[in-house]
Amino acid sequence: MSSPFPLPVPMVRALELARAAEQAGEVPIGAVVARGGTIIGEGENRNRRDNDPTAHAEIVAIRAAAQALSDFRLSGCDLYVTMEPCAMCAGAISHARIDRLYYGAHDPKGGGVEHGARVFAQPQCHHRPEIYGGLGEGEAAALLTDFFAKRR
């Protein structure tokens, strides 16, 4: 699905980070935290490089943004990620108090936002961001499809 409008700069950067992750042998997912349109944290999948099952792009970006702000609460921030976050990342988004989540490709198999666990729909979830799925979906989905096709 292609948009007639240009992608916002943070999503363009998230896609660049996804491509960098792929070049490093990681699943191509990139994430950016922005406040007022300024990027304050970014990350790409680093599970294999860091031997860390929690080193998803979203977690890496949230950690960087929290360090940049010297605050674990990221109120007033937006998260741009190339794929629907998993349940772990959705939990981190809630705990960080991210205001808005923008993501590219939907993940019916492992997503935790609009698929699967639907973390933000659970009564135990104390903070729910605004959610905008499908931003840059075509390019994000193609990166993932191509990555996995090469490994089959």
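Odds and ends about this structure:
- Subset of the stretch 136-152 (residues that are touching a Leu at 6+ places or on another chain (Cβ under 7 Å) and in a loop (DSSP other than H, G, I, E, B)): Gly136
- The stretch 34-53 - residue that is of a type in the set (D, E, K, R) and closer than 16 Å to Tyr102 by Cα and, of those, most open to solvent (accessible area, probe 1.4 Å): Arg35
- Given (1) without any contact (Cβ under 8 Å) to a residue 60 or more places away in the chain; (2) of a type outside the set (A, V, I, L, M); (3) closer than 20 Å to Met11 by Cα; (4) open to solvent by less than 50 Å² (accessible area, probe 1.4 Å), number of the condition His127 does not satisfy: (3)
- Options Ala31, Ala68, Ala24, Ala20; residue that is surrounded by fewer than 18 Cβ atoms within 10 Å (Cβ to Cβ) and under 19 Å from Gly138 (Cα atoms): Ala20
- Filter pass, Ala117 being crowded, with 16+ Cβ neighbours inside 10 Å, among the hydrophobic types (A, V, I, L, M, F, W, C), on the phi < 0 side of the Ramachandran plot and part of a loop (DSSP other than H, G, I, E, B): yes
- One residue from Ala117, Ala66 being of a type in the set (A, V, I, L, M), under 25 Å from Val9 (Cβ atoms) and either under 13 Å from the mean Cα position of the chain (by Cα) or at pLDDT 95 or above (or both): Ala66
- Test: residue in the stretch 92-104 that is small (Gly, Ala, Ser), open to solvent by less than 60 Å² (accessible area, probe 1.4 Å), over 22 Å from Ala141 (Cα atoms) and over 15 Å from the mean Cα position of the chain (by Cα): no
The values are calculated or read from the model by the stated rules, or taken from the named source; none is laboratory data. Keep in mind it's a predicted model, so treat the numbers as computed, not measured. FYI the Cβ positions are ideal-geometry reconstructions off the backbone, even for glycines, and counts take in every protein chain you see. In case anyone asks, the SASA skips ligands and DNA or RNA and just uses the protein heavy atoms, side chains included. Shrake-Rupley method; radii C 1.70, N 1.55, O 1.52, S 1.80 Å.
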